[in-house]
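Notes follow once the structure below has been shown.
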Amino acid sequence: MASTPMELLQGTLDLLVLRTLAWGPTHGYGVARWIQHVTGDVLRVEEGSLYPALHRLEKRRLIKASWGLSENNRRAKYYDLTADGRATLRRESSTWTIYAAAVAKVLGSREQPEWAR
């Protein structure tokens, strides 16, 4: 299962993008590669999902975009967190951590429900 990249759960991509940009400005390819790298190739963000997410976050003013040169001296759009983006990242990270812990408890529970006895 780990060898096959998983599709991102709906609603998590924006949070992953914000977390990636917390390290500093980068272009879309940089965002996708970092997420893929840090998850050990488990999560892959495809262009068809990434760029709509970047545009959505920009429209919500959680990130801002500017043009610059990539590592290959090619023109690229760089994205950076805004103050609102940092606040949203803090808030949503906390919510996600609580949610993920709750899901992990359910999946890891060895306690049989009363109705299943």
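Once Cα Rg over 2.2 N^0.38 Å is worked out from the coordinates, which option in [x] 1.49; [y] 1.12; [z] 1.28 does it equal?
[z]
Say we join alpha carbon atoms closer than 10 Å with springs in a Gaussian network model of the chain; which of 79, 51, 99 then has the biggest fluctuation?
Result: 99 has the largest fluctuation of those listed.
If you take the charge dipole of region 45-89 about its Cα centre, with +1 on Lys and Arg Cβ and -1 on Asp and Glu Cβ, which of 45, 88, 69 is farthest toward its positive end?
Checked the options; the winner is 88.
Placing +1 at every Lys and Arg Cβ and -1 at every Asp and Glu Cβ, with all other atoms neutral, what dipole size does the chain have around its Cα centre, in debye to the nearest 20?
Approximately 340 debye in magnitude.
For the charge dipole of the chain, defined by +1 on Lys and Arg C-beta atoms and -1 on Asp and Glu C-beta atoms about the Cα centroid, which residue among 103, 16, 116 has the Cα displaced farthest towards the positive pole?
16
Could you identify which residue out of 100, 87, 22 has the top mean-square fluctuation in a GNM of the chain using Cα springs shorter than 10 Å?
100
Taking region 1-101, which GluC sites (Glu not before Pro) meet the DSSP loop condition and have no more than 12 other C-beta atoms within 10 Å?
When the GluC sites (Glu not before Pro) of region 1-101 are filtered for loop state and at most 12 Cβ neighbours within 10 Å, 7, 46, 71 remain.
List, in order, the whole-Hz ³J(HN,Hα) value for each residue of region 40-49 obtained from phi through the Karplus relation with A = 6.51, B = -1.76, C = 1.60 and θ = phi - 60°; use x for Gly and Pro.
Rounded to whole hertz, the list is x, 6, 7, 9, 10, 9, 7, 3, x, 9.
In straight Cα distance, which lysines are under 19 Å from residue 77, not counting same-chain residues fewer than 8 positions off?
The qualifying lysines are 59, 64.
Kindly report the accessible area of the chain per residue (heavy atoms of protein chains, probe 1.4 Å, no ligands, DNA or RNA), in Å².
73
Amide H to amide H under 5 Å from residue 78: which residues, 5+ apart in sequence or cross-chain, H placed 1.01 Å off N in plane?
Close amide H contacts, sequence-distant or interchain: 66, 67, 68.
When only Cα pairs under 8 Å and 6 or more residues apart are kept, what is the percent relative contact order across the chain?
26
Nearest 0.05, what FRET efficiency do residue 38 and residue 115 give at R0 = 41 Å with Cβ-Cβ as r?
0.50
The values are calculated or read from the model by the stated rules, or taken from the named source; none is laboratory data. Small disclaimer: the values here were computed from a predicted structure and weren't measured. No Cβ is skipped: glycine too gets one built from the backbone with ideal geometry, and neighbour counts run over all protein chains shown. To get the accessible areas, we keep the full protein, side chains included, count just its heavy atoms, and leave off ligands, DNA and RNA. Shrake-Rupley method; radii C 1.70, N 1.55, O 1.52, S 1.80 Å.
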